1. Take each uninterrupted DSSP H stretch in the chain, measure its Cα extent along the helix axis, and return the ones at 15 Å or beyond whose mean Kyte-Doolittle hydropathy is at least 0.0.
2. Ignoring everything except DSSP H segments at least 4 long, calculate the 222 nm mean residue ellipticity for the chain; use -39,500 (n - 2.57) per segment, divide by total residues, nearest 500.
3. Report the Cα centroid-to-centroid distance between the range 12-70 and the range 127-206 in angstrom, as an integer.
4. Where nothing but the Cβ of Lys and Arg (+1) and of Asp and Glu (-1) is charged, how large is the charge dipole of the chain around its Cα centre, in debye to the nearest 20?
5. Would you mind calculating the relative contact order of the range 8-246 from Cα pairs under 8 angstrom and at least 6 residues apart, reporting the percent as a whole number?
6. For A4, put the label point 7 Å out on the Cα→Cβ axis and report which residues of the range 49-80 keep their amide N under 15 Å from it.
7. By counting other Cβ atoms within 10 Å of each Cβ, how are F58, F167, F161 ranked from fewest to most?
8. Taking Cα atoms of the range 107-249, Rg/Rh with Kirkwood Rh, to two decimals?
Amino acid sequence: MAIAIKTAQEIEKMRKSGRVLRQVHEAIRAAVKPGATTMDLEKVAEAKIAELGGRPAFKGYMDYPACLCTSVNNEVIHGIPSHTRRLREGDVVSVDCGVILDGYYSDAAVTHAVGKVKPEIQKLLDVTETSLEMAIEQVKPGNTLGDIGAAVQEYCEAAGFGVVREFVGHGIGKKMHEDPQVPNYGKKGKGTKLRPGMVLAIEPMINAGGPEVKVLNDGWTAVTLDGSWSAHFEHTVAVTQAGHLVLTD
Ligand code: MF3
Ligand code: CO
């Protein structure tokens, strides 16, 4: 499949979608605290998306039941919000959300510390978030998907962390998942060249231990194979003539 090149008008629509999504994430941030359930976060997201005139991108996607993925501690991605999963001081929760506004998708994820977390876990969060920033710095015309993947991989592996291979970022636009795939590993200079008008969801998923993951029997929740904790940060990013525009911050 060819990679869709978006017009300036389309990117402006995606930016509006991304702005709604950012406000949803800010509302969730305020709700993350010891004692909250992951379903409490879901309710905050559902209300905020509706208030801002958007639609949830995940709910109903391949029969996924919620607006959010809420993945706690050893859960990597696609954790399903639950009335019984109560956050405790020292936990981490990765919150992934997608919004549709005026036909255009945006997708972003943040991993929150619940209260104060162990120093090595705070380092996992910091390294993962920084790796996303480093990946975004690589987004400019002429650079390649390999430059993005290598930026994440080199930085996170140097810190001693495992880079998840089974799940990757993706193109995004009129659909949540478009071509190309955007791996968090790769070789500088290799792979598809970036062109103005491409829009990518870049989403490092990084484990404190090994890179291997497995999917639980609910068919969704991906957890680390070794039980180590995991972090996930994601932005929707447009390639522009000048370099890039982050649509979800
Ligand atoms: N951000 C995830 C992704 O990029 C969300 C999809 S999960 C689903 O694939 F719940 F919507 F299926
Ligand atoms: Co995504």
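1. On the way: long enough: 8-31 (35 Å, -0.72); 38-51 (20 Å, -0.19); 119-137 (27 Å, -0.02); 145-158 (20 Å, 0.31).
Qualifying helices, which must be both long enough and hydrophobic enough, are 145-158.
2. On the way: 4 runs with 71 residues, N = 249.
After summing the helix terms and dividing by the residues of the chain, the value is -9500 deg cm²/dmol.
3. What the calculation gives is 23 Å, centre to centre.
4. Details: 28 positive and 31 negative charges, 90 e Å.
With Lys and Arg at +1 and Asp and Glu at -1, about 440 debye.
5. Working: 620 pairs, mean separation 49.7, N = 239.
In percent, rounded to a whole number, it is 21.
6. Inside the label zone: 57.
7. Details: F58 20, F167 17, F161 23.
Ascending Cβ contact count within 10 Å gives the list F167, F58, F161.
8. Working: Rg = 14.8 Å, Rh = 15.3 Å.
The Rg/Rh ratio comes out at 0.97.
Any read-out appearing in this document is the output of simple, stated calculations on the displayed coordinates, not a laboratory observation. Here the structure is a predicted model, which means the values were calculated and not measured. Ideal geometry is used to build each Cβ from the backbone, glycine not excepted, and the neighbour counts take in all protein chains shown.
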